[in-house]
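Worksheet for the structure shown next.
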Amino acid sequence: MFETAPRITGPALLIGSYTDQAVREHAASLLRELEDLVRTLGPAIAGRTLIFHREMHARYLLGSGKAEEIAARAKAENLGALIFDHDLTPSQQRNWETLAGVPVLDRQKVIMDIFAGRARTREARLQIELAQLEYGLPRLTRAWGHLGGQDGGIGGKGEGESQLEQDRRRMWKAMDRLKRELAQIRSARATQRKDRQRTPVPNCAIVGYTNSGKSSLLRRLTGADVLVEDKLFATLDTTTRKVALPSKQPLLLTDTVGFVRKLPHRLVEAFKATLEEAAQADFLIHLLDAGAPEVAEFFCTTMKVLEELGAAERPMLVVFNKVDLVEDPGVLHGLRTHYPDALFISVHTGEGLPALLDRMAGLAAPGAVTRVLRLPPSESALLARLHRTGSVHHVEYDGEDAIVTVSLSERMAGDLARFLRLQPGNETDSRQEPTLLATTATENA
């Protein structure tokens, strides 16, 4: 891995800025969020400062006078780093490090370092490594002092290839390798998705702002042993577990990585393979923290990312979590007014979860029908498959045949029509040829 910045060895000063007095509160909110991000990353925080400047400056982003003031503070307080709530250009980063003599990071780098420290699966590690290389490539000139050296080959002519050019070429090759490996993973994921779609179990993805309680909800509904921690980006890897709905309809519930304001675009691109579970889900649960002052902005942030993923048009349940922590009843009244179709729950106390499960059941099987099937002994594998993928209400035996009462989708009911039990008014032709689904179910079980 190519290191593009030294490690932080002391407390960091957080710097936010704005150029319009009308957005001061918004800038302050973003700076508070940056503080949460930095605490998640690990460095101690010396303080934060919010600066007004009339225009963006090419050299330091801020004016030179304010830049020199901050640099003097960094030296006087022996700070370990300066962290900006804005994306800095490579030249601005170099200028600040020269002026202040300490590492300088921007919001984008902080988020990527959090991702790098918390990625667990091979796919997540590849994705963040690719994002870091893309971020570091234009900053490579400041990584080592020897990059200006020249190498000449045996019998070569001219100056040869500089160390900078060699390292750039290595980074490009590494990026190409990572993209190929990620393409292979996406191909394998597509194959797995086809297998899952062959057996029509509905899928729901939990999406939302980071730290809104997505992993806690997955754990509460499914009993899954997943990490639950009061930190931004506590979990990055997609987790899918099965939940039994009140209708006995099985549902695959997927927890996805949380979103954040000003999420670097390269991270949206890098994690598309992980987040595409949201785009492929039958419906979404958009989870929000009811007590967050910026909850409306968090809603818009998540919807914007979903639009980039092509998932914004999916059926969606808007759910406000942590209602037990909201002390002002006017806050909940305002949310109910602006989001009349939303649900209000507390994962911690269980409030509202039965209503959520009922709504999930309605979206999971909008066209579900109940059928009575007669399965001969040769179809025992299909019976096992129905237990896993359908809602089996009752099983009894007539001789060696199993009489199964099951709720399933209309499409699946049509594919299994040859097994429909003959009843008055049900003139099913039991002589028809086996359908593709029934054959596949038997072979794959």
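Tell me, which residue of the stretch 301-335 that is of a type in the set (D, E, K, R) and not in a helix (DSSP H, G or I) is nearest to residue 260 (Cα to Cα)? Steps first, please.
Within the stretch 301-335, the subset of a type in the set (D, E, K, R) is 304, 307-308, 313-314, 322, 324, 327-328.
From what is left, the residues that are not in a helix (DSSP H, G or I) are 313-314, 322, 327-328.
On the way: 313: 20, 314: 21, 322: 18, 327: 25, 328: 25 Å.
Among those that are of a type in the set (D, E, K, R) and not in a helix (DSSP H, G or I), it is 322.
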Original post:
Taking the stated definitions as given, is residue 94 among the basic types (Lys, Arg), at pLDDT 90 or above and within 27 Å of the chain's Cα centre (by Cα)?
Top reply: no
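Residues are listed down the side, and each one gets a yes or a no for (1) free of Cβ contacts under 8 Å to residues at least 60 places away in the same chain; (2) in contact with a Gly (Cβ under 9 Å, 6 or more places away or on another chain):
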site	(1), (2)
17	no, no
22	yes, no
43	yes, yes
50	yes, yes
55	yes, yes
59	yes, no
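Filter the helices (runs of 4 or more DSSP H) completely within the stretch 208-297 down to those with at least 1 residues that are modelled with pLDDT of 85 or more and crowded, with 19+ Cβ neighbours inside 10 Å.
On the way: elements: 214-222, 265-270, 272-280.
Counting at least 1 such residues, we get 214-222.
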Original post:
So is residue 351 under 21 Å from the mean Cα position of the chain (by Cα), assigned by TED's automatic domain parsing to the domain that holds residue 260, outside any helix (DSSP H, G or I) and not aliphatic (A, V, I, L, M) or not?
Top reply: no
**OP:** Would you mention how many residues in the stretch 95-142 are charged (D, E, K, R), touching a residue at least 60 places away in the same chain (Cβ under 8 Å) and more than 30 Å from residue 72 (Cβ to Cβ)?
**Re:** 6
Original post:
Filter the stretch 394-437 for residues that are among the acidic types (Asp, Glu) and under 25 Å from residue 247 (Cβ atoms); which is modelled with the highest pLDDT?
Top reply: 396
Original post:
Within the stretch 297-306, is even one residue within 18 Å of residue 30 (Cα to Cα) and of a type in the set (Phe, Trp, Tyr)?
Top reply: yes
Subject >> Restricting the stretch 309-323 to residues that are of a type outside the set (Val, Ile, Thr) and under 27 Å from residue 28 (Cβ atoms), the residue that is surrounded by the fewest Cβ atoms within 10 Å (Cβ to Cβ) >> reply: 322
Subject >> Subset tally (residues that are in a helix (DSSP H, G or I) and more than 29 Å from the chain's Cα centre (by Cα)) for the stretch 1-23 >> reply: 2
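The values are calculated or read from the model by the stated rules, or taken from the named source; none is laboratory data. Here the structure is a predicted model, which means the values were calculated and not measured. Here Cβ is always computed from backbone atoms with ideal geometry, including for glycine, and neighbour counts include all displayed protein chains.
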